[in-house]
Amino acid sequence: MNLIGLKIKNFLLAGLSFMAISLVACNGGDNNTPGQMANNASSDDNTLLGAGSTFVYPLFSKLFSEYNKVTGLRVNYQSIGSGGGILQLTNKTVDFGDSDAPLNEEQTQKIGAPVLHIPMCSGAVVLSYNLSSVTDTLKLTPDIIANIFLGKIKSWNDPQIAAANKGVTLPNTKIVVAHRSDGSGTTNIFTTYLSKVNAEWNTKPGAGSSINWPVGLGGKGNEGVAGLIKQTPGAIGYIELAYAAQNKMAFAKIQNKAGNFITPSVTTTSAAGNIQLPADAKVSLTNTDAADGYPISGFTWALIYKEQGYNNRSQDRSNKLVKLLWWNIHEGQKYCEGLNYAPLSPSAVAVAESILKSATYKGKPAM
Amino acid sequence: MNKRLQLRLATSKVFEYFIMLLAFLITIPLFAIIYYVLKTGLSKLSWHFITNIPKPVGEIGGGIANALAGSLLIVLVAAVIAVPIGILCGVYLSENRNSKLAYWSRLAVDVMQGTPSIVIGIVIYFWIVKPSGSFSAISGSIALAIMMLPIVIRSTEETLKLLPSSLKEAGLALGLPYHKVILRVIIPCGISGILSGVMLAVARIAGETAPLLFTAFGNPYLTTNVLKPMQSLPLLIFNYATSPYDEWHDLAWGASLILLIWVLLLNITTKLITRKWKVQF
Amino acid sequence: MDVVKKVFSYRKIRTETAFKRFLVFTAIAMMVIAIAIFLTLVIHSIPSFQSLGTRYFFGTTWDPVSNVYGALPFLLGTLITSFLALLISIPFSYAIAIYLGEYQTKGWLSELLKNIVELVAAVPSVIYGFWALVVLVPMVRSLEVKVGAAPYGVGILTASLVLAIMIIPYAASLGRELIRLVPSDLKEGAYSLGATRFEVLRHVILPQTKSGLFAGLLLSLGRALGETMAVTMVIGNTSILPDSIFSPANTMASVIANEFTEADRTLYLSALIELGLVLFIVTVVINIIGKLIIKRFSNE
C-alpha cells in the first residue's frame with residue numbers, strides 16, 4: 001500500500017520535480033568558472049542583456065563578440081529598435097538599452113529614475129535605393145527627400161529628381177518608399193532632419209521615433225528596411241550606413257546646409273560630429289553646419305540607470321556593465337571604422353567617461 | 001440513351017474531374033515549399049552549422065547551435081509542464097462528462113484553443129516577464145505550454161471516451177483504487193491516442209514564433225539557463241528572413257530545413273503510432 | 001490487525017481523494033487560465049477604453065507621435081486579408097472535402113491526399129512567411145506591374161494567398177468528416193432514383209452538410225484572423241487605410257508583433273493590448289460558434 005502511495009506521488013510530482021530540476025540544474029549552465037557558480041546561485045551568471053537600437057547592431061554584435069573573447073562575458077544584445085530598448089529599460093527587463101534618440105520628456109517621466117546617456121559612436125543614416133539601371137550615384141536635395149517621403153514625388157523620372165541629377169537617365173519606375181514599422185532612433189534622426197529642412201514635413205508628419213507615415217511599406221528594424229529595399233525594385237528607404245555598405249546597396253549623396261552634395265562615409269560623419277558635446281551628451285547632429293559634414297547623422301547612446309543598485313542587482317553585475325561600456329568607448333572604438341561608424345572624438349570620449357563615472361551603486365561610485 | 005441523360009452523366013463526370021483537379025492542387029504549394037527549403041537549406045546543413053553559434057553581423061560562417069538547443073529545451077520544458085496537466089485534465093473531462101465543472105472547463109479549453117498565439121505572448125509578458133524583470137526561456141515555455149494544453153486535453157478526452165466502461169469497471173471490481181485504475185489501466189490502454197495528441201501538440205508549438213517574441217526574446221549565445229533569454233529556431237528564422245544579409249538568409253534556410261524536418265518527422269511518427277497501436281474496442 | 005487495516009484503508013482513501021482532487025484542480029486550472037487571459041487583456045486595455053472609447057474603432061489614424069490611436073486600418077486589414085484568404089481557400093478546401101469524403105474514401109490516392117493535407121497544416125507559419133517572402137512576393141510584384149499597381153510585392157493580396165494555403169486543411173478535414181457522416185440510405189435512395197453522382201452531391205450531400213461546412217469555414221476564419229508571423233512578414237506593415245487588394249496594410253496581430261516590445265506610452269501600450277483583446281474575443285467567439293454548430297450537427 002505504501003508502494004502505491006509512493007507511485008502516485010511520484011507520478012504527480014514527476015512533472016513538477018522535473019521542472020524544478022531543469023530550473024535548478026540549468027541555472028549553472030552558463031557559468032564557465034567554478035568560482036562564479038559558488039558566488040551566483042541565483043540568476044546572476046556571466047551574461048548581460050541589452051536591447052534597443054538596430055542602428056548600432058552591426059557594431060555592437062562585433063564589439064560584444066570581441067569582448068566575449070577578451071573577458072568571457074556574454075552580452076546578449078537584441079536589436080528590437082530604440083523605442084523597444086527604452087521601454088524594456090523602463091520595465092527593468094534588460095541591463096542596458098541603446099537608443100539613437102535621447103529619452104523624451106514623457107519617457108524620462110515614465111522611467112522615474114535618472115538615466116545616463118553614454119555616447120557609443122556616431123553613424124550616418126543613408127538614403128539607399130534599388131534602381132538597377134542607374135549606375136551613377138544619385139544626388140538628392142532635402143526637398144526631394146521630403147517630397148518622396150510625403151508621397152508627392154511618385155516616380156523616379158520626376159523633374160525634381162532629374163534637375164538634381166543632370167546627365168543621369170532616370171527610369172520611369174514607381175517609387176516604393178520603405179520605412180520602419182517599429183519605434184526607431186534611426187527614424188528619429190531622419191525625421192528630425194526632415195523637420196529641420198522642410199517646413200511642410202515639420203507641420204504634418206513631424207519628428208519622432210515612430211511617426212504616422214503618409215506613404216510606403218514598413219520593415220522591422222534597419223534589417224527589415226534594408227531587406228525591403230534590396231528586394232523591391234524602385235524602392236528607397238533610410239538605413240544606417242553599415243547595413244548599406246555590408247550589403248553593397250546603392251546610397252545617395254545628400255545636399256547639406258552649405259550646399260555641397262556629400263557622400264555618407266566615416267569621414268563625413270566625423271566631420272558632422274566634430275563638435276563639443278554638452279555635459280549630458282544629448283545632442284543632435286542633423287543638418288550640420290560643417291561644409292563637408294554629412295547632414296543626416298547622429299549619435300547612438302547606451303542607456304543605463306544612474307543608480308545601478310535597483311531590483312536587488314548585485315554589485316558584480318553593475319561592475320560588469322560599467323566595465324563593458326568603458327571598454328566600448330575606449331578599446332572598442334577601433335572597430336567602428338571597419339563597420340562604417342564614426343568613432344567618438346577624444347573630447348567626446350572625455351564626456352562619455354565623465355558620464356559613465358557618475359554611475360553609482362547604492363550611492364557609491366560604480367566604477 | 002437520350003441526350004439529356006448523356007448531358008447529366010457528362011456533367012457528373014466533368015465535375016468529378018474538376019473536383020479531383022482542385023483537390024490535388026494543394027500539393028503544389030506544399031511541394032513548392034519543401035522543394036525550396038530543401039534546395040536552399042540542404043547545402044547549409046553541416047556539422048559546423050549545427051554546432052556553432054552565429055557570427056557577428058555581416059561576417060561569413062557561423063551556425064545555429066544556439067537556436068537549435070534553445071528550441072529543443074523550450075519545447076521540452078513546455079511539454080513537461082503541459083503533458084501531465086493536460087492528460088489529467090483530459091481524464092477528468094472524460095470521466096465526468098456531464099458535470100457542470102466539466103462543461104465550463106471544456107469551454108475554457110475551447111477558449112484557450114481559439115486564443116491567437118500572439119495574444120498568449122502578450123499575456124505571458126505581463127504574467128511572468130515583467131514581474132520577474134527578465135525575458136526568459138521558461139516564460140516562452142509557459143506560453144507554449146498554454147498552446148499545447150488544449151490539444152493534449154482534447155486528444156486524451158477523445159481517446160478515453162472510446163474505451164469501454166467495462167475496462168474501468170473490471171479494474172474497480174478487482175478492488176483496485178480509482179487512481180490505480182486510471183493510471184495503470186485507462187491511460188495505458190489509450191496511450192497511443194494520447195501520445196499522438198502529445199506529439200501533434202509538440203509539432204504544433206515547435207514552429208510557433210509569435211508567443212516567443214515577447215518571452216524567450218532571443219540570444220546570440222548557446223545557453224541552457226531557462227531563466228535567461230534564449231534563441232529558438234522560429235525566432236531566428238523570422239529575424240534573419242526579413243534581413244538584407246544573404247549570409248543570414250542562408251542560415252535561415254538551413255534553420256527552416258531543420259525545423260521542417262523536425263515537424264514533419266513528428267507528424268509522420270504520430271501517423272505510424274496511431275496506425276500500429278490504434279485504440280480498438 | 002484491525003488497526004493496521006484501518007491505517008491502510010485510510011491511506012488508500014486519502015490518496016484516492018487527493019487524486020480526484022487533483023483531477024478537479026486541473027479542470028479548474030483551465031478555467032482559471034482562460035479567465036485570467038481575458039482579465040489580463042481587459043485590465044491593461046482600461047486606459048485605452050477610458051481615453052479613446054469608441055473613437056478607437058472608427059479612427060483611421062494610428063499615430064503614436066501625437067498619441068492618436070485609431071484601429072480602423074488594422075481592423076479592416078485583418079478582415080480583408082482573412083476573408084480574401086477564406087474566399088480563395090473555399091474551392092480548394094471543399095474540393096478536398098468532397099473528394100475524400102465522397103469520391104475516393106479509400107485507397108492509396110486518398111491516403112496520399114489526406115497526408116498531404118495534414119502536412120500542409122503542419123508546416124510552421126514562419127516557414128510559410130519566409131517562403132512567401134522569397135517566392136510569392138516576386139510573383140505578386142510582377143502581377144502588380146502588369147496591372148499597373150505600385151510594385152510593392154508585399155501587401156494584402158500576398159498575405160491572403162499565403163493565409164489561404166495555411167487554412168485549407170482546417171475546412172477540408174472537417175468537411176471530409178461531415179460528408180462521411182451523411183447517412184448512406186439517403187444517398188442510396190437518390191442513386192436508386194437514377195440521380196447521377198453530381199446530382200447526389202448537389203441535392204443530397206450539400207444540403208445535408210451545409211451547416212457543418214459553414215462551421216468549417218468559421219474555424220478556418222478564426223485561424224486566419226489570429227495568424228501572425230506569416231502575415232507580418234508579407235503584409236507591408238503600414239498604418240494607412242488600405243484602398244486596394246494590392247495595398248500594403250497591417251493586421252491586428254502584425255501590429256502587435258511589430259510594436260508591442262516598444263510601446264513606451266501607457267496609452268500606446270493599452271491601445272495595442274485592446275487590439276489583442278478584440279482579436280481574442282473575435283477569434284474565441286468564432287471558434288466557439290463553429291464548435292457548437294459542429295456539435296449540433298454530429299449529434300443529429
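Observations on the structure shown:
- Inter-chain Cβ neighbour count for C:230-240, averaged per residue, equals 6 (cutoff 10 Å, partner chain atoms only).
- For region B:45-276, a crude dipole built from +1 on the beta carbon of Lys and Arg and -1 on the beta carbon of Asp and Glu, taken about the Cα centre, is about 840 debye to the nearest 20.
- Residues B:T270, A:T191 arranged by fewest to most Cβ contacts within 10 Å: B:T270, A:T191
- Kyte-Doolittle mean at least 1.0, axial Cα span of 20 Å or more - DSSP H helices of chain B: B:27-42, B:65-95, B:137-162, B:191-206
- Listed from fewest to most Cβ neighbours within 10 Å, the set C:K210, C:K187 follows the order C:K210, C:K187.
- Here the 3J(HN,Hα) profile of region A:124-130, calculated from phi with Karplus coefficients 6.51, -1.76 and 1.60 at θ = phi - 60°, is 9, 9, 9, 9, 9, 9, 10 Hz, Gly and Pro shown as x.
- Seen from A:T288, the other residues with C-beta closer than 13 Å to its C-beta sum to a net charge of 0, counting Lys and Arg as +1 and Asp and Glu as -1.
- Cross-link pairs C:K106/C:K187; A:K62/B:K228; A:K323/A:K362; B:K100/B:K161; A:K69/A:K282 - those with Cα-Cα distance over 24 Å: A:K69/A:K282
- Averaging Cα coordinates gives a centre for region C:166-183 and one for region A:127-157; these two points are 52 Å apart.
- Region C:55-299: C-alpha gyration tensor shape, a/c 1.5 cut-off, then a/b vs b/c: prolate
- Average beta-carbon neighbours from other chains, 10 Å sphere, peptide C:32-40: 6
- Per-residue ³J(HN,Hα) for region A:221-226, Karplus 6.51 cos²θ - 1.76 cosθ + 1.60, θ = phi - 60°, Hz, x for Gly and Pro: x, 4, 4, x, 5, 4
- In terms of other Cβ atoms within 10 Å, C:I43, C:I256, A:I175 run from fewest to most in the order C:I43, A:I175, C:I256.
- Net charge, B:L251 excluded, C-beta distance under 12 Å - Lys, Arg +1, Asp, Glu -1: -2
- Beta bridges from DSSP with both residues in the protein assembly as shown: antiparallel share about 60 percent, rounded to the nearest 5.
- For chain A, calculated [θ]222 nm from helices alone, where every DSSP H run of n ≥ 4 adds -39500 (n - 2.57): -12000 deg cm²/dmol
- Electrostatic tally near A:S181: other residues with Cβ closer than 9 Å to its Cβ, Lys and Arg +1, Asp and Glu -1, net 0.
- Pairwise centroid distance, computed over Cα atoms, of region B:60-90 with region C:212-253, Å: 28
- The distance from the alpha carbon centre of region A:192-224 to that of region A:291-333 is 27 Å, rounded to a whole number.
- Averaged over the residues of C:150-158, the number of partner chain Cβ atoms lying within 10 Å of the residue Cβ comes to 5.
- In order along region C:24-40, phi translates into HN-Hα couplings of 4, 4, 5, 5, 5, 4, 4, 5, 4, 4, 4, 5, 5, 4, 4, 5, 4 Hz, rounded to whole numbers, per the Karplus curve 6.51 cos²θ - 1.76 cosθ + 1.60 with θ = phi - 60° and x for Gly and Pro.
- Prolate/oblate/rounded label for the protein assembly as shown (Cα gyration tensor, a/c 1.5): oblate
Read-outs throughout are calculated quantities, based only on the coordinates presented, and are distinct from any laboratory measurement. Predicted model, so just to flag it, every value in this text is computed and none were measured. With ideal geometry, Cβ positions are generated from the backbone for all residues, glycine too; neighbour counts draw on all protein chains shown.
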